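Below is one structure; the comments refer to it alone.
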Amino acid sequence: MNIILERVYNVCKQVREQSPEQTTFKNLIGRTRNTFKLRDFDIAIKSKKDKDLDQDKWYVMAYYDSENDYNMDTAIEVIVHHNLNGNEPFGTHQITSFLTEIFDATVHEFRHQYQSMRRDHNQYGEHVETPYEAYLADDDEMDAYAFSIAIELLRTMDAERAKRRMGRISVLSKMRTGSQFSSPQLRAYIGHFGLNPLTKKLSKKIYHHLETIDKRWVFV
């Protein structure tokens, strides 16, 4: 996975370096899409207007389709949901926040691709509407979210410090960096499940990913 992390990191780094200090949401989306394409990523990056959001809000979602992957079609789709007109100015902080979300969503789906490829695309759990807690408890999702949580933790602390804190995962889930949780996704897991065998299993998976992820390729 470190090869994928490095490749996605380099895309996000290039987009940030080539973006002016002030750009627009529309231009940033286009530059991001083109840079992934130029670096030979077969992923679809789209934007979707959502009038239910506040006018200055946006968030990123992504999906992996194993059937498309098996048929050599585009398997990963990244959708930026927003309620912007596209011409609002994005400064350096917003550019980095946007690219961090793109990075996190994309590598999460590449983790799903890795899971699917290991079993020759057989019996992969496709994205379906399920209760949120059942979705989070799914083995594939737990592994992918453990991967994403490890990335979030590595943005704010070194791997050894994070691993030492895994024995007190409830305390770790409440840690903040500034006004934000150090790992919002870990906070969500503990918020839904508390401490039980499932979150102990999650803790072990996070620990494994902390040992294997190369922090150099965590975009921040």
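Things worth noting here:
- Evaluating LYS57 against the criteria (1) within 16 Å of GLN113 (Cβ to Cβ); (2) under 19 Å from the mean Cα position of the chain (by Cα); (3) surrounded by fewer than 15 Cβ atoms within 10 Å (Cβ to Cβ) leaves one unmet condition, (1).
- Considering only residues in region 60-73 that are outside any strand (DSSP E or B) and in contact (Cβ under 8 Å) with a residue 12 or more places away in the chain, the one that is surrounded by the most Cβ atoms within 10 Å (Cβ to Cβ) turns out to be SER66.
- Here GLU21 fulfils each of the conditions (1) out of contact with any Ser or Thr (no Cβ under 7 Å at 6 or more places or on another chain); (2) modelled with pLDDT under 95 apart from (1).
Conditions tested, residue by residue: (1) modelled with pLDDT of 95 or more; (2) in the same structural domain as THR23 (by TED's automatic domain parsing); (3) touching an Asp or Glu at 6+ places or on another chain (Cβ under 9 Å); (4) under 21 Å from ASN10 (Cβ atoms).
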site	(1), (2), (3), (4)
LYS57	no, yes, yes, no
TYR63	yes, yes, yes, no
GLU67	no, yes, yes, no
THR74	yes, yes, yes, yes
ASN85	no, yes, no, no
ILE95	yes, yes, yes, yes
THR100	yes, yes, no, yes
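- Cross-chain or 6+ apart pairs with Cβ under 7 Å, region 138-166 first and over 11 Å from LEU202 (Cα atoms), then polar (S, T, N, Q) and not in a helix (DSSP H, G or I): GLU152/SER182; GLU152/SER183; LEU153/SER182; LEU153/SER183; THR156/THR177; THR156/SER182
- If the condition is being assigned to a helix (DSSP H, G or I) and not charged (D, E, K, R), then region 88-101 contributes THR92, HIS93, GLN94, ILE95, THR96, SER97, PHE98, LEU99, THR100.
- Selected residue [modelled with pLDDT under 95 and aliphatic (A, V, I, L, M)] from LEU28, LEU53: LEU53
- The number of residues in region 11-31 that are closer than 19 Å to ASN83 by Cα and touching a Leu at 6+ places or on another chain (Cβ under 8 Å) comes to 1.
- Test: residue in region 31-45 that is among the basic types (Lys, Arg), in contact (Cβ under 8 Å) with a residue 12 or more places away in the chain and in a strand (DSSP E or B): no
- Within region 15-24, restricting attention to residues that are free of Cβ contacts under 8 Å to residues at least 24 places away in the same chain and within 23 Å of the chain's Cα centre (by Cα), the residue that is surrounded by the fewest Cβ atoms within 10 Å (Cβ to Cβ) is GLU17.
The values are calculated or read from the model by the stated rules, or taken from the named source; none is laboratory data. Quick caveat, the model's predicted, so the values are computed rather than measured. As a convention, Cβ positions derive from the backbone with ideal geometry for all residues, glycine included, and neighbour counts pool all protein chains shown.
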